[in-house]
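Visitor: So that we are looking at the same thing, I have put the structure below in C-alpha cells.
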C-alpha cells in the first residue's frame, strides 16, 4: 500500500509541476533529494555500526536478560491469560526488552515466536486472543530507551547533539504504550471483540 502512496505523490508532483510550469523545479528537487538521501545513507554506516555494536554488547553481556527479569512482574499482570512459565511469556518478555534497547533485529524473531506460542493458547486459531492483541499493541508502540536508528540518522544529517532525542523519545513511546495498553484492555471488554467462549 505504501508503494501506491509514494507513486501517487510522485505522479501528483509531476502533474502539478507540468501544469504550473515548474516541471524543471520538480525535476531538480527530485535529483537533489536523491543525492541527499544517498549521502545520509552512507553517513549512517559508521554511526549505525557503533550503536548496533553497543547494543550487541548489551545483548551478549546479559543486560537484555536482566531487563527481561525486571519486566516479568509487569508482564504477568498485563497478560493474565498466559501462564507465567509458558514459552510465550518468555518470548514476549525478551521481545519487549530487546525493543526497549533498540535491538530491532533481535526483537523481530522473538516477536514472531511469541505470536506463534500465543496462538497455541488460542481456542480459535483464526481469531486473535486478548493476549495477542495486547502484545501487538505494546510491540507496535514499543517503549524505547535508546532510539539507535534515530540517533544515527540525526548524526548523519549533521545534528550537533543527536542524543537529545533520547528524552523526548522515551516520553513519547511511554505515552503511546500506555494508550495502546488502555485501548487494548478497554476494547476487550466490549462484546463485539470478545471470543465466543471467553467469559471474561
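The values are calculated or read from the model by the stated rules, or taken from the named source; none is laboratory data. A quick note: this is a predicted structure, and the numbers were derived from the prediction, not measured. Cβ: placed from backbone, ideal geometry, glycine included. Neighbour counts: every protein chain shown.
Visitor: State which residue is surrounded by the fewest Cβ atoms within 10 Å (Cβ to Cβ) when the search covers only region 100-109 and only residues that are closer than 22 Å to residue 128 by Cα and modelled with pLDDT under 80.
Guide: 108
Visitor: Next question. Would you check which residues across region 70-89 are more than 15 Å from residue 137 (Cβ to Cβ), touching a helix residue (DSSP H, G or I) at 6+ places or on another chain (Cβ under 8 Å) and not in a loop (DSSP other than H, G, I, E, B) and list them?
Guide: 71, 72, 76, 87, 88, 89
Visitor: If you go through region 156-170 one residue at a time, how many are more than 22 Å from residue 36 (Cα to Cα) and free of Cβ contacts under 8 Å to residues at least 12 places away in the same chain?
Guide: Qualifying residue count, region 156-170: 3.
Visitor: On the basis of being under 27 Å from residue 86 (Cα atoms) and surrounded by 14 or more Cβ atoms within 10 Å (Cβ to Cβ), does residue 131 make the cut?
Guide: So residue 131 passes the test.
Visitor: Can you name the number of the only condition in (1) modelled with pLDDT under 85; (2) more than 23 Å from the chain's Cα centre (by Cα) that residue 54 fails?
Guide: Against the list (1) modelled with pLDDT under 85; (2) more than 23 Å from the chain's Cα centre (by Cα), residue 54 comes up short only on (2).
Visitor: Assess whether residue 183 counts as being crowded, with 17+ Cβ neighbours inside 10 Å and under 23 Å from residue 83 (Cα atoms).
Guide: No: the conditions fail for residue 183.
Visitor: Also, quick follow-up: Sort through 146, 153 and tell me the only one that's at pLDDT below 90, farther than 27 Å from residue 87 by Cα and surrounded by 18 or more Cβ atoms within 10 Å (Cβ to Cβ).
Guide: Within the list 146, 153, the selection yields 153.
Visitor: Right, here's the next one. Quick test for you: out of 125, 116, pick the one residue that is surrounded by fewer than 13 Cβ atoms within 10 Å (Cβ to Cβ), under 29 Å from residue 80 (Cα atoms) and under 20 Å from the mean Cα position of the chain (by Cα).
Guide: Residue meeting the stated conditions: 116.
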